[in-house]
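The structure appears below as structure tokens.
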Amino acid sequence: MTRNAYYLTTAIAYPNGEPHIGHAYEMIATDAIARWRRLEGRDVFFLTGTDEHGLKMVQTAEREGLSTKALADRNSARFRELAKTLNISNDDFIRTTEERHFKSAQEIWRRMERAGDIYQSTYTGWYSVRDEAYFDESELTETPSGKKLAPSGAEVSWVEEPSYFFRLSAFADRLLKLYDEQPDFIAPKERRNEVISFVKGGLDDISISRTTFDWGIPVPDAPGHVMYVWIDALTNYITGVGFPDDTGAQFEKFWPADLHVIGKDIIRFHTVYWPAFLMSAGLAVQKRVFAHGFLTSEGKKMSKSVGNVVDPFVTVEEFGADPVRFYCLREISWGQDGDWGREKFINRNNSELANNFGNLAQRSLSMISKNFGGQMPPRQSGSGEDNKIIAETIAAISRMENAMVTEQLHEATAELIAALSAANLYFAEQAPWGQKSDMARMGAILATTADVIRRAAIAAQPFVPEAASRFLDMLAVPKDQRLLQHALDPDLVVPAATVLPAPEPVFRKFETAKAG
Ligand code: MSP
């Protein structure tokens, strides 16, 4: 039996700068999954937050002339604000500088140490501050001027210092067994293959403490050592559900996590290191990791020097959260790289949200308001065309449900739009405005269209939550009838004679060319 509790997380971002559209994308996608699971009636816990330790934070703060804590406080607040701005439904926001997290990271360390998987030695090798990762000489490339670069293009520096190590090499077989027994542990598939061949290539032990700076969580009983930022960061996922103190309630209920949503650049940390740490500490391993792609801006890699970084606050200010959310979920194939493009965004908004969804609702509800005194007219149960469009809508929503089993957000949103296109066709063919001589027929067409909109709006809540709830309010749908089951139930309709509030436009159209 599947449990009803469902726990999912985003990666926690480094607050070394302002959030950009890539961070927004991850929050939006994870939020859509969280809301979908709630729509299914599951008891969801959704965690996001910021990853505040590590050398990158220290160096950025030095450059900005701030204390590291001040930098973390300032930018972490921006990520928290971003979640609000995007209408993200996270249940908690964790900061790795919080006391609860220090306790949790130190406890997992102690457990790994007790298991005999931690030993002391000296690290000599390359480190990339931007990636906060160690690299083997063989993974590096060299620029014509002799600089060594990590695969991400970030410069590496030589590190030589006493360090604790984690015996990752001992976990290869257990990890391969995990991937084998849980084929959906890593998604999408291409990523799974990548990870498997990486582990099959053999694992080295990893350095897990630093002694040359002190911005981090102290290693228990080891003065001078702070934890490697990734041990600390990954542990946030258990801190967030009450580890180590609340093991009886929150932790029991929600751990292991059902899903970690992350970007493709940090898959190794989540599918190799993290399960190995958990196994070592005697804790259950998360159930699944989904690695999404990267967003570019107008076809180019986002970079401060190019000046093409898309600011999600400015974008939402201009267009509203729902259209931005919708674009990210509909335009970008889940798991693939994608692009943020202003014109593509506006076209999608105008044709799919404003026309397909918004106009259909506005036209049908206005006709109910004008011709039926704002009361839902009765349907005609014998009408084949009416029954057919409702059956088609229900079928599309169950295809959405299927797509969402494996979090296929772009397919789910495509199904939603296809269902609304079919409803527009029905509306045009039935032409209720031409039925003045048969008001019962006109009413039935309008009631049928309204019912399609009700079902579509229920299913649209995870993607465009604000707009969807406005549609449902305009249809006087009670708050306790907004779950997936209510969209799929063929016998449930808005009862005839229900008084509807005056309809108002929900989506706006935008001009593609920038004004001025
Ligand atoms: N702090 C680590 C994650 C620790 S999780 C225990 C980190 N932070 S990050 O700020 O660099 O990235 C946060 C998330 O945003 C990651 O999942 C990353 O892949 C994602 N993205 C960063 N840039 C992105 C794009 N341009 N596009 C889409 N997602 C991107 O890594």
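The values are calculated or read from the model by the stated rules, or taken from the named source; none is laboratory data. A quick note: this is a predicted structure, and the numbers were derived from the prediction, not measured. Every residue, glycine among them, receives a Cβ derived from its backbone with ideal geometry; neighbour counts consider all protein chains shown.
Determine if the range 494-502 includes at least one residue that is modelled with pLDDT of 95 or more and either assigned by TED's automatic domain parsing to the domain that holds Gln182 or buried (at least 22 other Cβ atoms within 10 Å of the Cβ) (or both). So far as the range 494-502 goes, no, none of its residues is modelled with pLDDT of 95 or more and either assigned by TED's automatic domain parsing to the domain that holds Gln182 or buried (at least 22 other Cβ atoms within 10 Å of the Cβ) (or both).
Within the range 341-352, does at least one residue satisfy the condition of being surrounded by fewer than 20 Cβ atoms within 10 Å (Cβ to Cβ), under 21 Å from the mean Cα position of the chain (by Cα) and acidic (Asp, Glu)? No. Could you go through the range 132-142 and let me know if any residue there is charged (D, E, K, R), crowded, with 21+ Cβ neighbours inside 10 Å and in a loop (DSSP other than H, G, I, E, B). Yes, because at least one residue in the range 132-142 is charged (D, E, K, R), crowded, with 21+ Cβ neighbours inside 10 Å and in a loop (DSSP other than H, G, I, E, B). On the basis of being in the same structural domain as Ile118 (by TED's automatic domain parsing) and either without any contact (Cβ under 8 Å) to a residue 60 or more places away in the chain or surrounded by fewer than 17 Cβ atoms within 10 Å (Cβ to Cβ) (or both), does Ser157 make the cut? Criteria met by Ser157. When Asn90 is tested against the conditions (1) part of a loop (DSSP other than H, G, I, E, B); (2) out of contact with any Ser or Thr (no Cβ under 6 Å at 6 or more places or on another chain), the lone failure is (2).
To keep it simple, each residue is scored yes or no on (1) polar (S, T, N, Q); (2) under 30 Å from Asp184 (Cα atoms); (3) part of a loop (DSSP other than H, G, I, E, B).
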| residue | (1), (2), (3) |
| --- | --- |
| Gly382 | no, no, yes |
| Ile389 | no, no, no |
| Glu392 | no, no, no |
| Arg399 | no, yes, no |
| His410 | no, yes, no |
| Ala414 | no, yes, no |
| Asn424 | yes, no, no |
| Glu429 | no, no, no |
| Gly443 | no, no, no |
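Scanning the range 204-237 for residues that are touching a His at 6+ places or on another chain (Cβ under 9 Å), of a type in the set (D, E, K, R) and farther than 16 Å from Ser128 by Cα yields one hit, Asp232.
Considering only residues that are among the aliphatic types (A, V, I, L, M), part of a helix (DSSP H, G or I) and touching a Lys or Arg at 6+ places or on another chain (Cβ under 9 Å), which ones fall in the range 45-83?
Of all residues in the range 45-83, those among the aliphatic types (A, V, I, L, M) come to 47, 55, 57-58, 61, 66, 70-72, 77, 82-83.
With part of a helix (DSSP H, G or I) added as a condition, the list becomes 55, 57-58, 61, 70-72, 77, 82-83.
Passing the criteria: Leu55, Ala61, Ala72.
Within the range 15-32, the set of residues being in contact with a His (Cβ under 9 Å, 6 or more places away or on another chain) and near the ligand (Cβ under 6 Å from one of its atoms) comprises Tyr25, Glu26.
Would you call Gly41 away from the ligand (no atom under 14 Å from the Cβ), over 15 Å from the mean Cα position of the chain (by Cα) and in contact (Cβ under 8 Å) with a residue 12 or more places away in the chain? The answer is yes for Gly41. Screening the candidates Phe294, Phe326 for the property of being touching a residue at least 40 places away in the same chain (Cβ under 8 Å) and within 11 Å of the ligand (Cβ to nearest atom) yields one hit, Phe294. Would you pick out the residues in the range 391-410 that are surrounded by 17 or more Cβ atoms within 10 Å (Cβ to Cβ) and either without any contact (Cβ under 8 Å) to a residue 12 or more places away in the chain or among the polar types (S, T, N, Q) (or both)? Within the range 391-410, Thr393, Gln408 meet the criteria.
When Ile445, Ile453 are checked against the criterion of being of a type in the set (Val, Ile, Thr), surrounded by 21 or more Cβ atoms within 10 Å (Cβ to Cβ) and closer than 16 Å to Leu353 by Cα, Ile453 stands alone in meeting it.
Residues that are among the β-branched types (Val, Ile, Thr) and more than 16 Å from the chain's Cα centre (by Cα) were ranked within the range 48-93; the one that is nearest to the ligand (Cβ to nearest atom) is Thr60. Of the candidates Asp31, Asp43, the single residue that is among the acidic types (Asp, Glu), assigned by TED's automatic domain parsing to the domain that holds Thr235 and buried (at least 17 other Cβ atoms within 10 Å of the Cβ) is Asp31. Residues in the range 216-241 that are more than 14 Å from the ligand (Cβ to nearest atom) and either touching a strand residue (DSSP E or B) at 6+ places or on another chain (Cβ under 7 Å) or touching a residue at least 12 places away in the same chain (Cβ under 8 Å) (or both): 8 in all. All conditions in (1) touching a strand residue (DSSP E or B) at 6+ places or on another chain (Cβ under 9 Å); (2) more than 12 Å from the ligand (Cβ to nearest atom); (3) more than 24 Å from Thr50 (Cα to Cα); (4) not small (Gly, Ala, Ser) hold for Glu318, with the sole exception of (1).
To keep it simple, each residue is scored yes or no on (1) closer than 24 Å to Gln408 by Cα; (2) at pLDDT 95 or above; (3) of a type outside the set (D, E, K, R).
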residue: Ile231; (1), (2), (3): no, yes, yes
residue: Asp245; (1), (2), (3): no, no, no
residue: Gly248; (1), (2), (3): no, no, yes
residue: Glu252; (1), (2), (3): no, no, no
residue: Trp274; (1), (2), (3): no, yes, yes
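Taking the range 305-340 as the search range and keeping residues that are of a type in the set (Ser, Thr, Tyr) and within 20 Å of Asn87 (Cβ to Cβ), which one is farthest from the chain's Cα centre (by Cα)? Checked the range 305-340; the qualifying residue farthest from the chain's Cα centre (by Cα) is Thr315.
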